[in-house]
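The values are calculated or read from the model by the stated rules, or taken from the named source; none is laboratory data. Remember, it's a predicted structure, so these values are computed and weren't measured experimentally. Glycine also receives a Cβ, built like all others from the backbone with ideal geometry; neighbour counts cover every protein chain displayed. Please note that ligands, DNA and RNA were not included when accessible areas were found on the heavy atoms of the full protein model with its side chains. Shrake-Rupley method; radii C 1.70, N 1.55, O 1.52, S 1.80 Å.
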Amino acid sequence: GAGVSQSPSNKVTEKGKDVELRCDPISGHTALYWYRQSLGQGLEFLIYFQGNSAPDKSGLPSDRFSAERTGGSVSTLTIQRTQQEDSAVYLCASSPGTRQYFGPGTRLTVL
Amino acid sequence: TQLLEQSPQFLSIQEGENLTVYCNSSSVFSSLQWYRQEPGEGPVLLVTVVTGGEVKKLKRLTFQFGDARKDSSLHITAAQPGDTGLYLCAGDQRAGNNRKLIWGLGTSLAVNP
């Protein structure tokens, strides 16, 4: 069956530009998570959507980062005025309960 | 605040050796999950342990949840190159309806042929 998909798989941008990363979760999963992962490191929690509840934004590193989830399905993570330290792999996961199903990630490189 | 400590952070061993990865916390978890992540992919769930003292086996992998549900271990017997990857533990504190997991920083395992 279809898993979590993310696009683009790779994104190279220039410092100061805005980027949008997309996540298509597994249909019917009520929870959706965004994480950031630096090379070979663990997961840094960014934001969590659960049903119609207000999202948990406690992991967003600055106000340049925002995310929305439209219609309880697709989610977009937006990074404004990108900085070199934003370079990382951005992972999305969806969940029907506690087990999380991850997409393959978007590798963001800020030059 | 890092609530889940994993050790070792890096491990490089020869094929056929045994190894143990630890995941420790001062907090109690209702359950704990182990994931494996291969390069270029997202983490994939290996197992969930729920009961204190529980032991689960997945082929050559043995997972144990501590009696107090604060720690867990992953033991791999006769490691194979295919076991190479990043192993992550994640704890569920089940705080109301919040299903945000607490993640360890991972153990990067390299099994050399």
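Applying the criteria of a DSSP loop state and at most 13 other Cβ atoms within 10 Å to the GluC sites (Glu not before Pro) of segment A:1-79 yields A:E14. Ordered from highest to lowest accessible area with the whole protein assembly present and a 1.4 Å probe, A:D18, B:D71, B:D92 read as A:D18, B:D71, B:D92. In a simple Cβ point-charge model (Lys, Arg +1; Asp, Glu -1; nothing else charged), chain A has a dipole of about 100 debye relative to its Cα centre. Put A:Y90, B:Y22 in order of accessible area, highest first, and with a 1.4 Å probe you get B:Y22, A:Y90.
Geometric descriptor of the protein assembly as shown, per residue, is 126 Å³ (volume of the convex hull of the Cα atoms). The value given for chain B is a Kirkwood hydrodynamic radius of 14.1 Å, derived from the mean inverse Cα-Cα separation. Shown for segment B:30-82 is the translational diffusion coefficient from the Stokes-Einstein equation, using the Kirkwood radius over Cα pairs, a temperature of 10 °C and a viscosity of 1.306 mPa s: 134 µm²/s. Diffusion coefficient (Stokes-Einstein, Kirkwood radius over C-alpha pairs, 20 °C, 1.002 mPa s) for segment A:5-106: 157 µm²/s, rounded to a whole number.
Positive end of the dipole of the protein assembly as shown (Cβ unit charges, origin at the Cα centre): among A:L60, B:L19, A:V89, the Cα lying farthest that way belongs to A:L60. Counting heavy atoms of the protein chains alone, B:V55 has an accessible area of about 80 Å² for a 1.4 Å probe. Accessible surface buried at the A:B interface totals approximately 1600 Å², computed with a 1.4 Å probe on protein heavy atoms.
The distance linking segment B:1-42 with segment A:35-80 is 24 Å (Cα centroid to Cα centroid, whole angstrom). For segment A:5-106, the solvent-accessible area works out to 46 Å² per residue, with a probe of 1.4 Å and every protein chain left in place. Using the alpha-carbon positions of segment A:62-111, Rg (one decimal) and Dmax (whole number) come out as 12.7, 38 Å. For the set A:H29, B:H75, the ranking by accessible area, highest first and with no ligand, DNA or RNA atoms included, is B:H75, A:H29 under a 1.4 Å probe.
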